[in-house]
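**Q** Below is one structure. I have some questions about it.
The values are calculated or read from the model by the stated rules, or taken from the named source; none is laboratory data. Not measured: the values here are computed from a predicted model. Here Cβ is always computed from backbone atoms with ideal geometry, including for glycine, and neighbour counts include all displayed protein chains. Surface areas here come from the heavy atoms of the whole protein model, side chains and all, with no ligands, DNA or RNA. Shrake-Rupley method; radii C 1.70, N 1.55, O 1.52, S 1.80 Å.
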Amino acid sequence: MTVLAVAQAVRMSPRGLQQFFRRVYDTTPMAYLHTVRLAGARQDLTAANPTRGTTVRDVAARWGFPHASRFSARYKKAFAESPSATLRR
């Protein structure tokens with residue numbers, strides 16, 4: 001997903017979309033998307049049952065994070081715990 005694709009979908013210019021996000025959310029469109037994806041992954045990890053085969057890699061891929069190690073680093077920075085710790089809780 002790119003800023004251009006999102007801007008076209010909502011019939012705005014890329015610059016207009018960026019200004020909107022800066023004004024309303026105080027962030028960029030891509031940073032907002034990243035935050036939403038991490039929050040969704042956290043919700044899935046919290047709700048998952050690791051004894052039924054759910055893995056961090058599965059959840060990361062479902063939310064668009066193809067590299068589990070990069071996902072883990074970003075997740076830990078955002079939530080101050082590893083995704084595997086969240087899954088175990």
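**Q** When the residues of the range 50-89 are narrowed to those that are open to solvent by 60 Å² or more (accessible area, probe 1.4 Å) and part of a loop (DSSP other than H, G, I, E, B), which ends up nearest to residue 6 (Cα to Cα)?
**A** Looking at residues that are open to solvent by 60 Å² or more (accessible area, probe 1.4 Å) and part of a loop (DSSP other than H, G, I, E, B), I get 63.
**Q** Suppose we filter the range 29-84 for residues that are over 12 Å from the mean Cα position of the chain (by Cα) and among the β-branched types (Val, Ile, Thr); how many remain?
**A** Adding up the residues that qualify gives 5.
**Q** Let me ask something else about it. Take the residues in the range 8-49 that are part of a helix (DSSP H, G or I) and among the hydroxyl-bearing types (Ser, Thr, Tyr); name whichever of them is farthest from residue 60 (Cα to Cα).
**A** Here the residue is 25.
**Q** May I ask you to list pairs of residues, at least six apart or on different chains, whose Cβ atoms are under 7 Å apart, with the first in the range 43-60 being of a type in the set (A, V, I, L, M, F, W, C) and the second being open to solvent by less than 80 Å² (accessible area, probe 1.4 Å) and not in a helix (DSSP H, G or I)?
**A** Filtered contacts from the range 43-60: 48/54; 59/48.
**Q** Let me ask something else. Would you be able to tell me the number of residues in the range 37-49 that are in contact with a Ser or Thr (Cβ under 6 Å, 6 or more places away or on another chain) and open to solvent by less than 20 Å² (accessible area, probe 1.4 Å)?
**A** The number of residues fulfilling the criteria is 1.
**Q** Next up: Can we say residue 19 is out of contact with any Asp or Glu (no Cβ under 8 Å at 6 or more places or on another chain), over 20 Å from residue 74 (Cβ atoms) and without any contact (Cβ under 8 Å) to a residue 12 or more places away in the chain?
**A** For residue 19, the condition - out of contact with any Asp or Glu (no Cβ under 8 Å at 6 or more places or on another chain), over 20 Å from residue 74 (Cβ atoms) and without any contact (Cβ under 8 Å) to a residue 12 or more places away in the chain - is met.
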